[in-house]
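The values are calculated or read from the model by the stated rules, or taken from the named source; none is laboratory data. Fair warning: this is a prediction, and the values are worked out from it, not measured in the lab. Cβ coordinates were reconstructed from backbone atoms using ideal geometry, including for glycine residues, and neighbour counts include every protein chain displayed. Note: accessible area is taken over every heavy atom of the protein model, side chains too, but ligands, DNA and RNA are not part of it. Shrake-Rupley method; radii C 1.70, N 1.55, O 1.52, S 1.80 Å.
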Amino acid sequence: MTDSLIVAEVFGKLHKNVLQSIETLECSQGFYRLNFQPVDYIDSKGESRPYYNITRDGFLFLAML
């Protein structure tokens, strides 16, 4: 497992761009639900922000784009 924040950091991308890539993936709903779990985190300002927990298969699919 990894998450969209780590993916953005490791690949030198903006987190908002990683979120957009995940949300516009062309895959089945079943694959999407199994491999990309939407969750929230609290940022440094105390605000709730979205991110995704990503499985290995989801990461491989995302990285192939």
Cut-off 10 angstrom, C-alpha nodes, Gaussian network model of the chain. Which of G30, G12, G46 fluctuates the most? G46
Per GNM of the chain with C-alpha springs under 10 angstrom, the most fluctuating residue out of N35, N53, N17 is N17
For the chain, what is the accessible area per residue in Å² when the probe is 1.4 Å? 72 Å²
Can you give the Rg to Rh ratio of the chain, both from alpha-carbon atoms, with Rh computed by the Kirkwood formula? 0.96
Under a GNM of the chain (C-alpha, springs under 10 Å), which listed residue has the highest mean-square fluctuation: I54, I22, I42? I42
Neighbour-limited loop hits for trypsin sites (Lys or Arg not before Pro), the stretch 1-51 (at most 11 other Cβ within 10 Å; DSSP other than H, G, I, E, B): K45
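Give me the percent of accessible area attributable to carbon and sulfur for the chain, probe 1.4 angstrom. Intermediate results must be reported in sequence, preceding the final value.
Values: 2540 of 4700 Å².
Percent of accessible area from carbon and sulfur atoms in the chain: 54.
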For L25 and D57 in one chain, what is 0.36 nm times their gap in residues minus the Cα-Cα distance, to one decimal in nm? 10.2 nm
I want to check the label-to-label distance for S44 and I6. Put each point 7 Å from Cα in the C-beta direction and report it in nm to one decimal. 2.2 nm
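Using the crude model of +1 on Lys and Arg Cβ and -1 on Asp and Glu Cβ, and no other charge, please compute the dipole size for the chain relative to its Cα centre, in debye to 20.
Values: 6 positive and 8 negative charges, 9 e Å.
For the chain, the charge dipole is close to 40 debye.
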